[in-house]
Structures are given as structure tokens and as C-alpha cells.
Amino acid sequence: MDAAEFRKRGKEMVDYVADYLEKIEKRQVFPDVEPGYLRPLVSDSAPQDPESFEDVFKDIEKIIMPGVTHWHSPYFFAYFPAASSFPSLLADMLCGGIGCVGFSWAASPACTELETVMLDWLGKMVNLPEEFLAGKDGQGGGVIQGSASEATLIALLAARTKTIKQVQSKKPELTEAEIMGRLVAYTSDQAHSSVERAALIGAVKIKSVPSDDTFTVSGSALKKVLDEDKAAGLIPFFFCATLGTTSCCSFDKLLELGPICNKENIWMHVDAAYAGSAFICPEFRHLLNGVEFADSFNFNPHKWLLVNFDCSAMWVKKRSDLIGAFKLEPLYLQHHHQESGLVTDYRHWQIPLGRRFRSLKLWFVLRMYGVKGLQEHIRKHIRLSHQFEHLVLQDERFEICAEVVLGLVCFRLKGSNELNEALLKSINDAKKIHLVPCHLREKFVLRFAICSRTVESTHIKFAWQHISQLATDLLKTWEQNHHQQ
């Protein structure tokens, strides 16, 4: 394919993507395929001779689309939103076109410098304390990671290195292995599984701190666990607080937890993967109060801020903590500007060496929506979640299981877990809308997340009528079976 054909085919592809997104609500939200559906539809091995673009293009609808779960459908209410917008898609095209691998400043100065500035823009939008910003000569700064899981792992590994160095400076007779064996990380029993996974990869113990009846962790709960562990000779070094838990969007009490972590010299990482985007709205910023005590903070613009995956924003108060943990300087990566105070080499801030020009997406979206446009997007989603909550509360067969703060509603039929499992199965089997469940304490709960950029009040009403009708049908057969028994 030469440049002339690329122009032609590129326009066709843009038309195809625009049509796909414009007409997505006509597609069934969840696919009708069985595992292994794709293999018989493609040949056993790659073709020896080139095929035409037409042949490849034809196969998108034939082979790919039947197996796609349409995350951007207004009938998709599962997981959390995956952000998408036309400005972001255009920026992704440019990123692919430039195709740089921005591991160091010299590898592409614009790639590094735009990222530093965009993370400052974003930090100011959520009103982060000054220490987290790079500014002209700050000690902190932001970086784009691939996901919140990656950000948690990076924070944990940096905290581990920092603690080992501190302990060894006081007790030089202890080996690294001896210290590692005593390190303990902590997080809420409601935290995402990626926190536990970070500890697994980091080869340290992790303990879950029990949450209260609103699914949040308080200072007293953390202090109790810390006191027990210190008495047993362990070394607490890392705590991951969650703002907007995956199951029910609850918020750990940062204002209680932060001072304890600071006093005990424990790294506090704040994971606000989904909820963080809402903090650009002044009326939700109070949920971030206490971040001033944190060492690192992360949220995903690729969830709720109209920036396509992957773009996970992470800030640290002291970038030297990250660089100290990950810095290696082989000759082939060195460049003559690296000692300049103005230069960031992001390879020291992340797990991979290479990185894409992801800040372009932020730049396009922040400029083309403006802060006000993005605030309106968040507020609309939150209005729709309260609309759904209101519909649920009007039906006495149902209950709401956690406070609705942002765009997630946790609800269930009053009754057994089996009954709610059957309801979810009938919802997802019908494939008109898509939901996923969670467990809250011992209860099986349905999660209804407002996800799509194009979702409207009519889609919420449709979803509720559909759920309500399926519940009526289910309760009938449930009662009949019950009588027969």
C-alpha cells in the first residue's frame, strides 16, 4: 500500500468507524458466539501472497464484528465506562502515524514534554496539591501508565525499594532478603484484585483491612492491623487506598488514613481509577480530600474522560522515589541532555522501556471539549445513574445495596442470591443490555454502570422496563417451582 492508496483506504476506514459508532445502538450489545468461533473462519496460517485491502475489509463484518462486545453501545452497563471520543480517535491516528517510541527525552522531545505538561493540566483540573505537579522546577510530576493496575504496581515497587534502603541504613546487618520477608502491604477488603496482584509480583505479603458497613476503610481499622503486625516484628510499608471501589464505588477515609500512613512512614497510594475523573467537578472534589497525605495518586482518563484506552494518569510527590527504584543507564540510552533539570526520561517511571505518544489524546480531548464540556459529560452520567436509582426505589421488589455517589447503581431483587443469579442470567441471555455482578458481603448484587458517551435518559428507561419485565417473568416461574416443591 502506497501513500495514495493509504489516503483512499484511510478515508474508507474513518467512514466505517464513524458509521459503526453512529449506528452502534442497532447492534446487539453482547455477541452470539461460542468459544472458538473464530478459528474455523480464518485460514490455518498466514497467506504466502498479499491479499487486497477489499478482502481484508470485507472480513471485518464477517469475522470480527460477530465476536465484539460493543462497549460503546448505549445498552452497555457492565464494568465501568471505557472512554471514547472522535478527537481522541484522531489523536490515536496521529500517534500511530508519528510512531515514535518515547522512552527518553532524546527519543522524541515532544512526546516527553507534552506528557509532562498534560499531566500538570490534568492535575490542576482535579485541584491536586502543588507538590504533585512538575511545574518548572517541582519535585513531583505525572506520567501516563497503561492501566491503574500498572500504577499500583509501580507505586508498590518504588515503596519497597525506598523502605529497604531506609531499613538498611538503620540496620546494615540485615540483608535485603531478610527485610523483604518482613515487608507487608495493605489495602481494603473491597480493593481491586490488581492490588493483591501487585504484591504477588512484588514478592511481598499483603493484608486486607476490613471495611465498615458502608464498604469503606477507616483509620482505626488500619491502625489495629498495623499495631498487630508491628508487634509481630513485621515492617508495614505500603497502603493502597481506593476512591470508588470496583464493586460498589465506595470511598476510603483518606483524611483518617493519610496521617496514620505519614506517621508510620508508610507509602500511601490512592487508586481512583474510575472515580477520579469526577473530581474535575467542584461538587465532587471533596471526595479527594486527604490526597495531600498521599505519596502517589492515580486515575484513568480512559474510563470516564473521553480519552480512548490506554491512558492512566499517575502522579508522585517525589519523582526521585520512582527513578531511584527503576533507573538503569546503559550507554545506548544515554543522551547529552539527560543531566539537565528540565529533562524527564519516562523509562525510569514505568515497567516497559518503550512508550507510545499517548499525551496527544489528552491534548486533543482537553482542548476540543474544554473543562466545561468534560464536566457536563460527567454530570450527565451521574444524573442518569440517579434516574435509574429512582426507578429501582419505586419498585418494592428491589433494593439498593450501596450509596449511589457517581455513575454506578448496585441493586438486587429482595430475596436469595440464587434468585438474583437467575435474574442476571436472564438479562444477559436476552442480550438487549449487558450487566455484570459483584458480591457485597454475602449478597449477590447486580451492578448498573452508566458507560456510553451516547447514553440518554431513554436508554435508562428502556433498561429498567426490560429488567422489571424479566423480574416479573422470573418471579412467576420461581413461585410456581416453589409451589411444586
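The values are calculated or read from the model by the stated rules, or taken from the named source; none is laboratory data. This is a predicted model, so every value here is computed, not measured. Note that we place each Cβ from the backbone using ideal geometry, even for glycine, and neighbour counts take in every protein chain shown. We work out accessible area using only protein heavy atoms, side chains counted, and drop any ligands, DNA or RNA first. Shrake-Rupley method; radii C 1.70, N 1.55, O 1.52, S 1.80 Å.
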Checking GLU283 against (1) within 16 Å of GLU403 (Cβ to Cβ); (2) in contact (Cβ under 8 Å) with a residue 40 or more places away in the chain: exactly one of these is not met. Which one?
(2)
Exception for MET1 within (1) open to solvent by 70 Å² or more (accessible area, probe 1.4 Å); (2) in contact (Cβ under 8 Å) with a residue 24 or more places away in the chain; (3) under 33 Å from the mean Cα position of the chain (by Cα) falls at (3)
Name the one entry in CYS100, CYS95 that is modelled with pLDDT of 85 or more, part of a loop (DSSP other than H, G, I, E, B) and either surrounded by 15 or more Cβ atoms within 10 Å (Cβ to Cβ) or not hydroxyl-bearing (Ser, Thr, Tyr) (or both).
CYS100
Test PHE448 against the criterion of being open to solvent by 20 Å² or more (accessible area, probe 1.4 Å), in contact with a helix residue (DSSP H, G or I) (Cβ under 7 Å, 6 or more places away or on another chain) and assigned to a strand (DSSP E or B), and give yes or no.
no
For segment 269-321, give me each residue that is assigned to a helix (DSSP H, G or I) and of a type in the set (Lys, Arg).
ARG285, LYS303, ARG319
Quick one: which residue in LYS58, LYS62 is touching a residue at least 12 places away in the same chain (Cβ under 8 Å), of a type in the set (D, E, K, R), assigned by the TED database to the domain that holds ARG7 and more than 17 Å from ARG453 (Cβ to Cβ)?
LYS62
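Okay, residues lined up against (1) under 20 Å from GLU196 (Cα atoms); (2) surrounded by fewer than 22 Cβ atoms within 10 Å (Cβ to Cβ); (3) out of contact with any His (no Cβ under 7 Å at 6 or more places or on another chain); (4) aliphatic (A, V, I, L, M):
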| position | (1), (2), (3), (4) |
| --- | --- |
| CYS261 | yes, no, yes, no |
| ALA272 | yes, no, yes, yes |
| PRO282 | no, yes, yes, no |
| PHE297 | yes, no, yes, no |
| HIS302 | no, no, yes, no |
| PHE309 | no, yes, no, no |
| LYS318 | no, yes, yes, no |
Kindly indicate whether any position in segment 177-187 is modelled with pLDDT of 90 or more, small (Gly, Ala, Ser) and closer than 27 Å to ALA275 by Cα.
yes
If you take the residues in segment 30-55 that are of a type in the set (Asp, Glu) and either in contact with a strand residue (DSSP E or B) (Cβ under 6 Å, 6 or more places away or on another chain) or without any contact (Cβ under 8 Å) to a residue 24 or more places away in the chain (or both), which one is least open to solvent (accessible area, probe 1.4 Å)?
ASP55
Tally up the residues in segment 99-127 that are under 17 Å from PHE299 (Cα atoms) and acidic (Asp, Glu), please.
2
Going residue by residue through segment 226-236, is there one that turns out to be open to solvent by less than 20 Å² (accessible area, probe 1.4 Å), part of a helix (DSSP H, G or I) and over 19 Å from ASP295 (Cα atoms)?
yes
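Residues checked against (1) farther than 30 Å from SER84 by Cα; (2) assigned to a helix (DSSP H, G or I):
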{"residue": "GLU389", "(1), (2)": "no, yes"}
{"residue": "VAL405", "(1), (2)": "no, no"}
{"residue": "LEU424", "(1), (2)": "no, yes"}
{"residue": "PHE444", "(1), (2)": "yes, no"}
{"residue": "THR458", "(1), (2)": "no, yes"}
{"residue": "LEU474", "(1), (2)": "yes, yes"}
{"residue": "TRP478", "(1), (2)": "yes, yes"}
Return the only residue of GLU442, GLU396, GLU418 being under 24 Å from PRO210 (Cβ atoms) and either touching a residue at least 12 places away in the same chain (Cβ under 8 Å) or open to solvent by 20 Å² or more (accessible area, probe 1.4 Å) (or both).
GLU442
With the condition kept exactly as written, say whether any residue in segment 355-371 is at pLDDT below 90, open to solvent by less than 30 Å² (accessible area, probe 1.4 Å), over 30 Å from LEU440 (Cβ atoms) and outside any helix (DSSP H, G or I).
yes
Within segment 20-29, can you find the residues that are in a helix (DSSP H, G or I), free of Cβ contacts under 8 Å to residues at least 24 places away in the same chain and either open to solvent by 70 Å² or more (accessible area, probe 1.4 Å) or farther than 16 Å from SER73 by Cα (or both)?
GLU22, LYS26
When LEU331 is evaluated against the numbered criteria (1) of a type outside the set (Phe, Trp, Tyr); (2) modelled with pLDDT under 95; (3) in contact with a helix residue (DSSP H, G or I) (Cβ under 9 Å, 6 or more places away or on another chain), which criterion, by number, is the only one it fails?
(3)
Would you mind stating whether MET65 is within 27 Å of the chain's Cα centre (by Cα), closer than 30 Å to HIS459 by Cα and surrounded by 10 or more Cβ atoms within 10 Å (Cβ to Cβ)?
yes
Could you tell me whether segment 171-182 includes any residue that is small (Gly, Ala, Ser), surrounded by fewer than 17 Cβ atoms within 10 Å (Cβ to Cβ) and assigned to a helix (DSSP H, G or I)?
yes
Qualifying residues in segment 117-154 (those that are assigned to a helix (DSSP H, G or I), surrounded by fewer than 21 Cβ atoms within 10 Å (Cβ to Cβ) and not acidic (Asp, Glu)) - the one modelled with the lowest pLDDT
SER149
So, of the residues in segment 185-202 that are over 19 Å from GLU228 (Cβ atoms) and polar (S, T, N, Q), which turns out to be surrounded by the fewest Cβ atoms within 10 Å (Cβ to Cβ)?
SER193
Only listed residue being open to solvent by less than 10 Å² (accessible area, probe 1.4 Å) and more than 19 Å from the chain's Cα centre (by Cα), chosen from LEU255, LEU222
LEU222
With the requirement that a residue be among the small types (Gly, Ala, Ser) and either outside any loop (DSSP other than H, G, I, E, B) or open to solvent by 50 Å² or more (accessible area, probe 1.4 Å) (or both), what does segment 69-92 give you?
SER88, ALA91
